[in-house]
């Protein structure tokens, strides 16, 4: 017994957080109940269940404002060093598509409230705080779930993201701030802190 699907009793010390679930394409279709009444059926291509392991997901659509401050997670599929957690409860989405068909564009799902919400425990996280972060000009992005290019800059008095930083740790942005080749970009993220020392420069 691996305990992968076990929920009760195995999250002592974890910090539950509300997340949005990315579960692949969302399809709305006409259905029928057992009594013959018309119904609307929503299916999700990669539906998650309570107890599933998930990873923090990064996408240009996952800004702090677009997600209403909630991180986005998907079913664990990556290999290597991955920021993972476990789903401990799932709630319905704010909205469903207004007409039959399939929605496959992530930005459409986020902007229209089609992603379900879930309570998730991200392993190893000790605290969360909303932070401003600056992405240096022509130095990549602040990607959700990745802290290796993140540091706290004393002269800026804020966190910065730069492709020139490779040893960042302890601070994990949970939202995307997309950089620019023409100027530095400052945005808002929910930052997760692991308790490891934070790179200060």
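The values are calculated or read from the model by the stated rules, or taken from the named source; none is laboratory data. Everything numeric here is computed off the predicted structure, so don't read it as measured data. Neighbour counts are summed over all protein chains in view; Cβ atoms, including those assigned to glycine, are modelled from backbone coordinates with ideal geometry.
Table for the structure above
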item	result
Extreme residue, farthest from residue 61 (Cα to Cα), among residues of the stretch 148-163 that are in a loop (DSSP other than H, G, I, E, B) and touching a residue at least 12 places away in the same chain (Cβ under 8 Å)	154
Subset tally (residues that are surrounded by fewer than 16 Cβ atoms within 10 Å (Cβ to Cβ) and more than 17 Å from residue 192 (Cβ to Cβ)) for the stretch 157-173	5
Residue within the stretch 36-56 that is surrounded by fewer than 17 Cβ atoms within 10 Å (Cβ to Cβ), within 17 Å of residue 14 (Cα to Cα) and in the same structural domain as residue 111 (by TED's automatic domain parsing) present	yes
Test for residue 90: is it under 22 Å from residue 18 (Cα atoms) and either outside any loop (DSSP other than H, G, I, E, B) or in the same structural domain as residue 131 (by TED's automatic domain parsing) (or both)	yes
Top-ranked residue of the stretch 99-146 - restricted to ones that are assigned by TED's automatic domain parsing to the domain that holds residue 47 and free of Cβ contacts under 8 Å to residues at least 40 places away in the same chain, ranked as surrounded by the most Cβ atoms within 10 Å (Cβ to Cβ)	112
Hits in the stretch 164-190 (condition: within 11 Å of residue 134 (Cα to Cα) and either modelled with pLDDT under 95 or not in a loop (DSSP other than H, G, I, E, B) (or both))	177, 185, 186, 187, 188, 189
